[in-house]
2 protein chains.
Amino acid sequence: MPDLFTKLERAAWGGFIATQSRIFRLIEDDLRARFGLSHTEFEVLLRLYLSEQGRVRVQDLAARSLLSTSGTSRAIDRLARAGHVERQGAEEDGRGAYAVLTEAGRAHFEQAAEAHVALVRREFLSRFTPEELAQLGGFWERARPDAQPRTA
Amino acid sequence: MPDLFTKLERAAWGGFIATQSRIFRLIEDDLRARFGLSHTEFEVLLRLYLSEQGRVRVQDLAARSLLSTSGTSRAIDRLARAGHVERQGAEEDGRGAYAVLTEAGRAHFEQAAEAHVALVRREFLSRFTPEELAQLGGFWERARPDAQPRTA
DNA sequence: TCAAATTGCTTGCATGCGCACGCAAACACA
DNA sequence: TGTGTTTGCGTGCGCATGCAAGCAATTTGA
């Protein structure tokens with residue numbers, strides 16, 4: 001491994017890793033300290049917030065996140081204990097369950113989201129010009145699984 | 001949050017997140033399935049491999065990784081059980097302990113590292129031209145904590 | 001010189017996670 | 001309608017992790 005990557009590759013990949021781990025740690029710590037939320041819980045609240053009625057089926061939450069169904073179920077447990085969401089049986093399917101954002105949860109999330117965005121701007125986005133941001137966006141498009149490598 | 005980010009920001013930041021989580025998942029799964037290693041354990045082996053004598057003090061390992069001292073201690077436990085490393089008391093300090101790479105561990109790591117590099121190339125590096133890789137490297141420099149935001 | 005403070009590492013405990021499993025509801029289909 | 005299968009969710013279990021505490025070795029300082 002010491003020489004398996006070229007200098008160029010090391011700068012591109014190693015920097016990616018370093019940046020990612022640094023910023024994620026900051027986000028985790030900030031959300032936990034100021035809002036009592038894990039990144040996972042924040043993601044769940046985000047999905048609920050973006051949804052029409054502020055409610056989403058457990059399964060849909062799991063599918064959209066990186067969490068398993070059981071992990072999602074437990075995240076909802078924690079959020080429910082904190083009063084941010086409530087469980088609600090699905091009328092149209094007796095097996096199903098909704099997680100529903102409470103008013104308190106909505107307010108709490110809005111504050112957390114604002115802080116989150118500020119942190120991402122401060123630690124990441126603000127370092128680049130608009131042109132560079134667009135360029136980054138283009139890079140990520142090409143990093144997607146279905147995209148083709150340069151040398152096919 | 002729905003409109004807290006601009007389109008431009010969303011492309012740059014959201015793509016970063018998506019790329020990161022996708023590739024890390026691939027790496028984790030591959031290392032686990034083919035080499036029985038977690039990313040954490042791989043990191044520990046890497047540090048040992050890069051060291052002079054194939055041995056590093058527990059504390060130094062912890063400082064370089066994202067793991068706590070206790071987490072490092074347990075990672076060494078697992079690697080020792082698998083025969084990849086051995087513990088060795090420090091001659092110069094009776095409290096200290098080295099993790100030492102065994103020959104088997106070295107061979108195992110070399111294979112894992114090769115596979116790791118291949119995966120990173122296939123899923124990430126190969127998507128970019130050398131110029132773009134250099135550009136990415138430059139971006140990560142500016143994303144470092146000590147770097148200044150564009151608009152100071 | 002020797003007791004107090006510090007250091008290096010390990011261990012008990014609590015937490016979050018995924019996997020496998022269980023239960024109940026829904027569906028398929030004869 | 002009845003039975004076998006599938007689906008949606010929650011729960012038991014094992015594992016990895018961080019924090020706080022413990023233990024032994026070293027360093028400090030009067």
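Computed from the coordinates by the stated procedures, all read-outs in this text should not be read as laboratory data. What you are looking at is a predicted structure, and each value in this text was computed from that prediction instead of being measured. Ideal geometry is used to build each Cβ from the backbone, glycine not excepted, and the neighbour counts take in all protein chains shown.
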Checklist entry - Using unit Cβ charges (K, R positive; D, E negative) and no other charged atoms, how large, in debye to the nearest 20, is the dipole of chain A about its Cα centre? => result 400 debye
Checklist entry - B:GLU141 to A:ASP60: FRET efficiency via 1/(1 + (r/R0)^6), r the Cβ-Cβ distance, R0 30 Å, to the nearest 0.05? => result 0.15
Checklist entry - Hey, got the average number of other protein chain Cβ atoms within 10 angstrom for residues in A:61-67? => result 1
Checklist entry - To the nearest 0.05, what FRET efficiency results for A:ARG81 and A:LEU50 with a Förster distance of 25 Å applied to their C-beta separation? => result 0.65
Checklist outcome for this item: If every Lys and Arg gets +1 and every Asp and Glu gets -1 at its Cβ, then about the Cα centre region A:42-107 yields a dipole, in debye to the nearest 20, of 260 debye
Next on the checklist: Taking only Cα atoms of the protein assembly as shown, what ratio of Rg to Rh do you get with Rh as the Kirkwood inverse-distance radius?
Outcome noted: 1.01
Item to check | Principal-axis tilt of helix A:7-35 within chain A, Cα atoms, nearest 10 degrees | outcome: 30 degrees
Checklist entry - Say each of B:ILE17 and B:ARG95 gets a label point 7 Å from the Cα, pointing the same way as Cα to Cβ; how far apart are those two points in nm? => result 4.2 nm
Next on the checklist: Please check: in the Gaussian network model of chain A (C-alpha springs, under 10 Å), which one of A:ALA113, A:ALA80, A:ALA90 has the largest mean-square fluctuation.
Outcome noted: A:ALA90
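Taking the Cβ of A:ALA112 as the centre, find all other residues whose Cβ is under 12 Å away and add up their charges (Lys, Arg: +1; Asp, Glu: -1).
Local net charge: -2.
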Checklist outcome for this item: Here the percent of antiparallel bridges among DSSP beta bridges lying wholly in the protein assembly as shown, to the nearest 5, is 100 percent
Checklist entry - Mind checking the angle between helix A:39-50 and chain A's longest principal axis? C-alpha axes, 0 to 90 degrees, to the nearest 10. => result 70 degrees
Checklist outcome for this item: Taking the label point 7 Å from Cα along the Cα-Cβ vector, the copy-to-copy distances for B:SER126, listed from shortest in nm with one decimal, are 3.9
Checklist entry - Which chain B residue hugs the B-A rotation axis most tightly by its Cβ, and what is that distance in angstrom, to the nearest whole number? => result B:GLN20, 2
Item to check | ³J(HN,Hα), Karplus 6.51/-1.76/1.60, whole Hz, each residue of region A:63-76, x for Gly, Pro | outcome: 5, 7, 9, 8, 9, 6, 4, 5, x, 5, 4, 6, 4, 5
Checklist entry - So what are the ³J(HN,Hα) numbers for region A:116-124, from phi and the Karplus equation (6.51, -1.76, 1.60; θ = phi - 60°), rounded to whole Hz, Gly and Pro as x? => result 4, 4, 4, 5, 4, 5, 5, 8, 9
Checklist entry - Which percent of Cα pairs goes in each bin when the distances of chain A are cut into 10 angstrom slices starting at zero? => result 9, 29, 29, 21, 9, 2
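Given a Förster distance of 51 angstrom, what is the FRET efficiency for A:THR129 paired with A:THR69, based on the Cβ-Cβ distance and rounded to 0.05?
After rounding to 0.05, the efficiency reads 0.75.
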Checklist outcome for this item: The set of residues whose placed amide H lies less than 5 Å from the amide H of A:TYR98, leaving out same-chain residues fewer than 5 positions away, is A:GLN88, A:GLY89, A:ALA90
